[in-house]
Number of protein chains: 2
Amino acid sequence: MSPTSAPVKIAVLGCGTVGTQVVRLLLEQASDLAARVGAPVELSGIYVRDTTTPRDAAVPVDALTSDAQALVDSSDVVVEVMGGIEPARTLILRALERGSAVVTANKALLAQGGAELYEAADAAGADLYYEAAVAGAIPIVRPVRESLAGDRVTRILGVVNGTTNYVLDEMTTKGLDYDAVVAEAQRLGYAEADPTADVGGHDAAAKAAILASLAFHQRVGIDDVYCEGITAVTADDIAAATETGRVIKLLAVAEQTDAGVSVRVHPTLVPRDHPLAGVRGAFNAVFVEAEAAGELMFYGQGAGGVPTASAVLGDIVSVARHKAGGGKGPRESNYARLEVLPMSAAMTRYAVRMSVPDRPGVLAAVATIFASHGVGIESVRQMPGKGHAGLILSTHRARESALSATVEDLRSTDAVNEVWSVLRIEGEL
Amino acid sequence: MSPTSAPVKIAVLGCGTVGTQVVRLLLEQASDLAARVGAPVELSGIYVRDTTTPRDAAVPVDALTSDAQALVDSSDVVVEVMGGIEPARTLILRALERGSAVVTANKALLAQGGAELYEAADAAGADLYYEAAVAGAIPIVRPVRESLAGDRVTRILGVVNGTTNYVLDEMTTKGLDYDAVVAEAQRLGYAEADPTADVGGHDAAAKAAILASLAFHQRVGIDDVYCEGITAVTADDIAAATETGRVIKLLAVAEQTDAGVSVRVHPTLVPRDHPLAGVRGAFNAVFVEAEAAGELMFYGQGAGGVPTASAVLGDIVSVARHKAGGGKGPRESNYARLEVLPMSAAMTRYAVRMSVPDRPGVLAAVATIFASHGVGIESVRQMPGKGHAGLILSTHRARESALSATVEDLRSTDAVNEVWSVLRIEGEL
């Protein structure tokens, strides 16, 4: 480090769970960070709405300010860990327009208004980094954005929401119903009082949009992501999955095929020995398939103040290094012009679980309906009941629209009492 | 991309398995790469010793040259995929001194002469990238070097050699002896005719040195790495491991404690449900513990021309982007001045397997020897034999020198017939 290097001034916007840990690490590790950056890093201030609220002992009270604009305007690097759309969006744009580097953990903002931010960063030649926005501490944004920049990513499968993973885990290991597990998770603080963003799949969908944008070099917004949460998953679904050697995971799926790009979030049947099946509780994992690299997996803690702060600090070092020594990180790479496919055009495999009358000829009638829509049957499993039979049909890869039409017909034939559930399948048994 | 961007000229040194795939991808994906780099990338030539040797169809014959120096001197980026120390070293130094960026997959050279290369790169302000030198396609260098740059890595455990992992796997699943499996692996092409570099642990040791240098911000060379291969692992060792719920893996271990840094490669007992235990065949995995991030794992293909080329291409995009748009990757970060501990000072847990006479008082005598060296016993397992008993003692964390002294005493007491093996233990059952 040159002894004359001017300090890089870091503003932190927001002082919640993540912000507090970012501030703590910035101060505690100042000399290590300076060595890695090549210049001292200096906390220029912490924006909070109310400077009088009591804070963690790690937060220097005299660094707090409620004047966000003045703080942004006097900093080289702006770290946004407030969350929410406004004022985060306005402050980030202000920072980028000044040419300041921005580090953000704000997945909702990136998935919804990312285009505007990326354009502002490119126009100003400023860095916009966001490792912490996807899968907490797991380095996944940088590997996809940089390590795989010479490869062609074909598919990403991710367990990227800890709350839903915990709920499905508990349902599986304890045989409990969804409602009971969510209530317990809320009591333990693993689920929010209003868990909609998690259990509805919206949080995972935002991460899927960010990963798909990076992997496929084009803009994928949250509105492009088909989103189905775990609220309809029943204890019976889980029991049937277990019986067929699978587990149910809420997966974020992003695929590139010749037809286009498909990005979706839904409960998914995964073989018990698939690497993603073993991801427990609040851990996250992202499985990446690329043409040359083959299969890769990234695993670690997906949330929490301290792990997320690790990802934020890594980004701070990168952008501060550019401020001190020149250079800039990768620009947004959105040159690809692939079609983003609607869910009806997605291709995957399905398990259709239904109740059928216990009489001869039923299977033939059901099979005929699948065949009439061109949906191939991979396996059939019967479970006897009283006066009816449970039936699970697993299909070959089929188009979602063909499967939907099949299910509609199944619902109106007297060869089927009731269609209990339709779950998508990934991975080979 | 600006329409006037000058092309970035890429020289490829070496045209073996990896070099051929690098050339193929550079040419096939030229337009994608140009979009990601912000300028066209142009293959300026391929250095080979003999330009008349028949090559893969993907290699343009007119790009071959046997004049390495002229090629290096006319290129912006030099990709070294020859392997070996010379002429790789001289050519890399020549490129760096000119200010060209270097991408290398040469773990042996980096682990042995890395300091000289890093210094040359820093002196010239040139990029030196080497993702492909550790764990093939798995992005591990960039995450440790950049994503975790704001964190403190405390430990790395890696399965980083596919050949030994395959051999131990086969011994475990088929109950075969070491010699039989290695002979079969050679026949199938999974092991070299002279497998010493792999089975002796030297290849893993080179990777351990590189990872430790990055993780701990100081220079660790291959001579600092304690290295014990798998040649002494017996079918009995494997059977005993299985019986105690563990598997044997050749692990690269790099640890930072208050006492200093310990870097080593040795066969290691790992619980069967540890994430590293499930790494099969030629796959690699690296487990990283950091203070803030917690536990992370990176998994993928550790070798092979195409996967390794993916890692090389990712590096080419990064350094070519700097050439086209300015900036530079991270410098070598070697400010830490930690002591590199000798193996005798390493702290770990051990399983000592021995044959003892089948008579009362033996366990007391053995336990007394452990106690006399301050080595705590965690568990004892007896396996009856004819006229003797098999005994496995697992220890608490102990200093290697204390364990060595214990084993020396065990070998000279008449309470022990024979010490069969000493294996180190990682992870909790």
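The values are calculated or read from the model by the stated rules, or taken from the named source; none is laboratory data. Since the structure is predicted, the reported quantities are computational estimates derived from the model, not experimental observations. Every residue, glycine as well, gets a Cβ built from its backbone with ideal geometry; the counts of neighbours run over all protein chains shown. Just so you know, the surface numbers come from the protein's heavy atoms only, side chains and all, with ligands and any DNA or RNA stripped out. Shrake-Rupley method; radii C 1.70, N 1.55, O 1.52, S 1.80 Å.
Of all the residues in the stretch B:8-36, those that are within 12 Å of another protein chain (Cβ to nearest Cβ) and either open to solvent by 40 Å² or more (accessible area, probe 1.4 Å) or of a type in the set (Lys, Arg) (or both) number 5.
Here the stretch A:304-330 is the region considered, the condition is being in a loop (DSSP other than H, G, I, E, B) and more than 7 Å from chain B (Cβ to nearest Cβ), and the residue that is surrounded by the fewest Cβ atoms within 10 Å (Cβ to Cβ) is A:Gly304.
Residue by residue, here is whether (1) among the polar types (S, T, N, Q); (2) assigned by TED's automatic domain parsing to the domain that holds B:Ser44; (3) surrounded by 24 or more Cβ atoms within 10 Å (Cβ to Cβ) holds:
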site: B:Ala95; (1), (2), (3): no, yes, yes
site: B:Arg98; (1), (2), (3): no, yes, no
site: B:Gln112; (1), (2), (3): yes, yes, no
site: B:Tyr129; (1), (2), (3): no, yes, yes
site: B:Ile156; (1), (2), (3): no, no, yes
site: B:Val160; (1), (2), (3): no, no, yes
site: B:Thr163; (1), (2), (3): yes, no, yes
site: B:Asp169; (1), (2), (3): no, no, no
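Given (1) over 30 Å from A:Cys15 (Cα atoms); (2) in contact with a helix residue (DSSP H, G or I) (Cβ under 8 Å, 6 or more places away or on another chain); (3) hydrophobic (A, V, I, L, M, F, W, C); (4) open to solvent by less than 10 Å² (accessible area, probe 1.4 Å), where does A:Val247 come up short, assuming only one miss? Every condition holds for A:Val247 apart from (4).
Given the structure, is B:Ala208 within 12 Å of the chain's Cα centre (by Cα) and closer than 27 Å to B:Glu116 by Cα?
On the way: within 12 Å of the chain's Cα centre (by Cα): yes; closer than 27 Å to B:Glu116 by Cα: yes.
Spelling it out, B:Ala208 is indeed within 12 Å of the chain's Cα centre (by Cα) and closer than 27 Å to B:Glu116 by Cα.
Per this entry, A:Leu410 is not counted among residues that are assigned by TED's automatic domain parsing to the domain that holds A:Met354, on the phi < 0 side of the Ramachandran plot, touching a His at 6+ places or on another chain (Cβ under 8 Å) and open to solvent by less than 20 Å² (accessible area, probe 1.4 Å). The set of residues from the stretch A:48-72 being out of contact with any helix residue (DSSP H, G or I) (no Cβ under 8 Å at 6 or more places or on another chain), in contact (Cβ under 8 Å) with a residue 40 or more places away in the chain and either surrounded by fewer than 13 Cβ atoms within 10 Å (Cβ to Cβ) or under 11 Å from A:Leu13 (Cβ atoms) (or both) comprises just one member, A:Leu71. Of all the residues in the stretch A:174-210, those that are touching an Asp or Glu at 6+ places or on another chain (Cβ under 7 Å), within 30 Å of A:Ser333 (Cα to Cα) and open to solvent by 30 Å² or more (accessible area, probe 1.4 Å) number 1.
Taking the stretch A:358-379 as the range and being open to solvent by 70 Å² or more (accessible area, probe 1.4 Å) and touching a strand residue (DSSP E or B) at 6+ places or on another chain (Cβ under 6 Å) as the test, the residues that pass are A:Asp358, A:Glu378. Considering only residues of the stretch A:131-143 that are within 12 Å of chain B (Cβ to nearest Cβ) and in a helix (DSSP H, G or I), which is surrounded by the fewest Cβ atoms within 10 Å (Cβ to Cβ)? Ranking the qualifying residues of the stretch A:131-143, first place goes to A:Val141.
Could we say that A:Arg349 is under 23 Å from the mean Cα position of the chain (by Cα), crowded, with 17+ Cβ neighbours inside 10 Å and over 21 Å from A:Glu131 (Cα atoms) here? Give the derivation first.
On the way: under 23 Å from the mean Cα position of the chain (by Cα): yes; crowded, with 17+ Cβ neighbours inside 10 Å: yes; over 21 Å from A:Glu131 (Cα atoms): yes.
When the stated conditions are applied, A:Arg349 passes them.
Of all residues in the stretch A:254-289, those being aliphatic (A, V, I, L, M), open to solvent by 10 Å² or more (accessible area, probe 1.4 Å) and within 14 Å of chain B (Cβ to nearest Cβ) number 1.
If you filter the stretch A:211-244 down to residues that are within 19 Å of A:Gly200 (Cα to Cα), assigned to a helix (DSSP H, G or I) and of a type in the set (D, E, K, R), you find that the one that is least open to solvent (accessible area, probe 1.4 Å) is A:Asp237.
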